[in-house]
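**Student:** Please see the structure below; I have some questions.
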There are 2 protein chains.
Amino acid sequence: MEQPGEIKKVSMAVIKRLPKYYKYLGELMRKNVERVSSQELSKILGFTASQIRQDLNNFGEFGQQGYGYNVSQLYTEIAKILGITTNHKMVVIGAGNLGQALANYTGFSIHGFDIIGIFDKNPNLVGRKINDIPIYPVEDMEYFINKNNVDIAVLTVPRDETESIVNRLTNTAIRGIWNFTPVEINIEDRDIVVENVHLIDSLLTLSYRINESWLQERLLKQKRKDKPFGHGKNTTYMVK
Amino acid sequence: MEQPGEIKKVSMAVIKRLPKYYKYLGELMRKNVERVSSQELSKILGFTASQIRQDLNNFGEFGQQGYGYNVSQLYTEIAKILGITTNHKMVVIGAGNLGQALANYTGFSIHGFDIIGIFDKNPNLVGRKINDIPIYPVEDMEYFINKNNVDIAVLTVPRDETESIVNRLTNTAIRGIWNFTPVEINIEDRDIVVENVHLIDSLLTLSYRINESWLQERLLKQKRKDKPFGHGKNTTYMVK
DNA sequence: ATATTTATGTTAAATTAATCACAAACGGGG
DNA sequence: CCCCGTTTGTGATTAATTTAACATAAATAT
């Protein structure tokens with residue numbers, strides 16, 4: 001039952017679909033499509049129409065019976081939901097390969113995400129610019145973040161340096177960490193959000209799926225085989 | 001009910017957890033830990049012990065009552081499941097910022113993923129090397145993939161070139177596409193697996209979560225407000 | 001104006017995933 | 001050798017998510 005001040009929790013599954021809606025609605029807008037139904041969205045996005053309607057209804061009633069959704073209105077609403085109606089300031093921490101690549105990428109600013117500084121401990125890099133963004137010494141990180149109201153820290157440091165950088169970030173006004181390190185970050189009871197991009201996990205998942213058909217055969221065979229048991233002195237071989 | 005030749009389908013949720021198990025077991029091995037219980041794994045990984053046991057039981061009985069799991073044995077089993085007991089050959093397609101960063105990254109080879117070639121349409125890049133990996137003209141892509149038994153194509157081309165490259169890839173012996181483009185790839189009825197790394201989606205999800213508390217307030221307010229309806233001639237303003 | 005069609009918002013049902021709970025099996029200690 | 005504590009594998013339960021169904025409202029056609 002819903003209480004007066006109750007906060008309705010939106011599931012992560014729904015949240016992960018929002019960017020897809022947003023991106024596709026952007027495409028439709030560029031094509032000057034004025035209206036769209038959940039069924040039409042369904043065809044392209046691969047979700048059921050029912051799911052799309054239910055997803056959107058977590059946030060409001062944006063559609064209309066007999067009409068569907070107004071593309072640009074829904075686009076704007078989702079932009080609000082995603083919090084991208086105002087710009088976000090980001091800093092990249094770690095000017096290695098990936099950090100530089102992200103700094104060079106121009107696709108973020110279209111959505112209002114601006115990288116305004118890069119931090120590195122390497123004195124040879126400090127003072128240079130990447131894509132017109134200056135590289136600063138990592139010592140100045142906290143001061144810079146607070147001074148410039150930076151929202152998001154893009155973390156591309158080596159694994160061993162992650163923990164110490166994260167600790168330092170918890171003492172800043174940063175709101176979110178976009179984590180490209182392989183380290184699992186957990187920040188206790190502070191309102192900093194962490195979003196992980198674990199590339200290795202993604203690659204291993206791909207490998208699993210490539211391997212899947214072979215694996216299924218192996219599993220079936222294994223089921224018919226006896227299985228050795230035991231680690232210690234009482235170890236026996238038994239048949240299931 | 002299970003049929004003789006039935007293929008047991010493992011859910012994506014389980015698959016996505018496998019790399020976490022794998023990585024943490026690797027850490028334990030390096031620390032020379034010999035055995036581990038589902039409860040101990042639970043504490044670090046943040047999944048319940050029960051879930052861990054059930055996840056692993058999708059693939060076999062790797063543990064033992066009263067003992068737990070043998071770390072190195074379980075590590076090996078998960079490596080088999082993930083299909084990383086043999087090496088994988090990869091090519092990077094698109095030698096832009098991201099493509100170059102991935103080519104420079106050394107972390108893949110530890111898990112048996114070797115980038116053996118980079119392809120680009122830019123003649124100024126062709127012939128150069130990145131991290132000792134040669135850049136070839138994109139025209140040679142298909143031939144190279146088939147000749148060298150390349151398993152995985154890492155796709156880092158601009159959005160407009162994605163479709164044509166994917167079409168060309170479907171005519172090769174490639175097994176998987178690791179897609180870094182923002183394009184949603186769908187390949188019909190061929191056994192090529194696509195794993196997406198949609199960075200923008202990830203960033204937008206982060207933005208949502210940063211924005212979440214503000215959003216909840218807005219949703220509560222909105223509930224108490226009347227809502228204008230209508231798009232056409234019968235449009236009325238109504239109170240819910 | 002009216003009827004017909006379309007397509008939403010929403011409740012209910014079905015499916016899928018996570019957690020609980022416990023019998024059975026093994027290791028370790030005396 | 002036997003008992004006690006531990007911990008798995010697994011069936012049962014609960015929770016979460018997805019899909020289906022439909023009453024209702026608006027648009028469109030006549």
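The values are calculated or read from the model by the stated rules, or taken from the named source; none is laboratory data. Since the model is a prediction, treat every value here as computed from it, not as a measurement. Here Cβ is always computed from backbone atoms with ideal geometry, including for glycine, and neighbour counts include all displayed protein chains. When the accessible area is computed, the model is the full protein with side chains, heavy atoms only, and any ligands, DNA or RNA have been set aside. Shrake-Rupley method; radii C 1.70, N 1.55, O 1.52, S 1.80 Å.
**Student:** Among the residues of region B:80-100, count how many are open to solvent by 30 Å² or more (accessible area, probe 1.4 Å) and away from DNA strand D (no atom under 16 Å from the Cβ). Walk me through how you get there before you give the answer.
**Tutor:** Step one: filter region B:80-100 for residues open to solvent by 30 Å² or more (accessible area, probe 1.4 Å), giving B:80, B:85-87, B:89, B:96-98, B:100.
This time we only want the ones that are away from DNA strand D (no atom under 16 Å from the Cβ), so: B:85-87, B:89, B:96-98, B:100.
Here the count works out to 8.
**Student:** Which residue out of A:Glu77, A:Glu61 is within 9 Å of DNA strand C (Cβ to nearest atom) and open to solvent by 10 Å² or more (accessible area, probe 1.4 Å)? Give the derivation first.
**Tutor:** Working: A:Glu77 fails: within 9 Å of DNA strand C (Cβ to nearest atom).
Unique residue meeting the criteria: A:Glu61.
**Student:** Which pairs turn up if I take residues in region A:35-54 that are touching a residue at least 12 places away in the same chain (Cβ under 8 Å) and look for partners that are not in a helix (DSSP H, G or I) with beta carbon separation below 7 Å, at least 6 apart in sequence or on another chain?
**Tutor:** A:Arg35/A:Tyr67; A:Arg35/A:Gly68; A:Arg35/A:Tyr69; A:Arg35/A:Asn70; A:Val36/A:Gly68; A:Val36/A:Tyr69; A:Ser37/A:Gly68
**Student:** Condition first: open to solvent by 10 Å² or more (accessible area, probe 1.4 Å) and within 14 Å of another protein chain (Cβ to nearest Cβ). Now tell me which residues in region B:144-162 satisfy that. Even if it seems obvious, please write down each step before you answer.
**Tutor:** Of region B:144-162, the ones open to solvent by 10 Å² or more (accessible area, probe 1.4 Å) are B:144, B:146-149, B:151, B:156-161.
The answer is B:Asn149, B:Asp151, B:Thr156, B:Val157, B:Pro158, B:Arg159, B:Asp160.
**Student:** Further question on the same structure: With respect to A:Ser213, determine if the residue is free of Cβ contacts under 8 Å to residues at least 40 places away in the same chain, out of contact with any helix residue (DSSP H, G or I) (no Cβ under 7 Å at 6 or more places or on another chain) and closer than 27 Å to B:Lys16 by Cβ.
**Tutor:** Against the criterion (free of Cβ contacts under 8 Å to residues at least 40 places away in the same chain, out of contact with any helix residue (DSSP H, G or I) (no Cβ under 7 Å at 6 or more places or on another chain) and closer than 27 Å to B:Lys16 by Cβ), A:Ser213 qualifies.
**Student:** Tally time: how many residues in region B:101-110 are more than 7 Å from every other protein chain (Cβ to nearest Cβ) and open to solvent by 10 Å² or more (accessible area, probe 1.4 Å)?
**Tutor:** 3
**Student:** Considering every residue within region A:132-139, establish whether at least one is in contact with a helix residue (DSSP H, G or I) (Cβ under 7 Å, 6 or more places away or on another chain) and not assigned by TED's automatic domain parsing to the domain that holds A:Tyr22.
**Tutor:** Restricting attention to region A:132-139, the residues satisfying the condition of being in contact with a helix residue (DSSP H, G or I) (Cβ under 7 Å, 6 or more places away or on another chain) are A:133, A:136.
Still in the running and not assigned by TED's automatic domain parsing to the domain that holds A:Tyr22: A:133, A:136.
Yes, some residue in region A:132-139 is in contact with a helix residue (DSSP H, G or I) (Cβ under 7 Å, 6 or more places away or on another chain) and not assigned by TED's automatic domain parsing to the domain that holds A:Tyr22.
**Student:** Could we say that B:Asn70 is surrounded by 15 or more Cβ atoms within 10 Å (Cβ to Cβ) and at pLDDT 95 or above here? Even if it seems obvious, please write down each step before you answer.
**Tutor:** Numbers: surrounded by 15 or more Cβ atoms within 10 Å (Cβ to Cβ): yes; at pLDDT 95 or above: yes.
Against the criterion (surrounded by 15 or more Cβ atoms within 10 Å (Cβ to Cβ) and at pLDDT 95 or above), B:Asn70 qualifies.
**Student:** Search region A:31-58 for residues being more than 6 Å from DNA strand C (Cβ to nearest atom) and within 15 Å of A:Ile81 (Cβ to Cβ), and hand back the single one that is surrounded by the most Cβ atoms within 10 Å (Cβ to Cβ).
**Tutor:** Filtering region A:31-58 for residues that are more than 6 Å from DNA strand C (Cβ to nearest atom) and within 15 Å of A:Ile81 (Cβ to Cβ), the one surrounded by the most Cβ atoms within 10 Å (Cβ to Cβ) comes out as A:Ile52.
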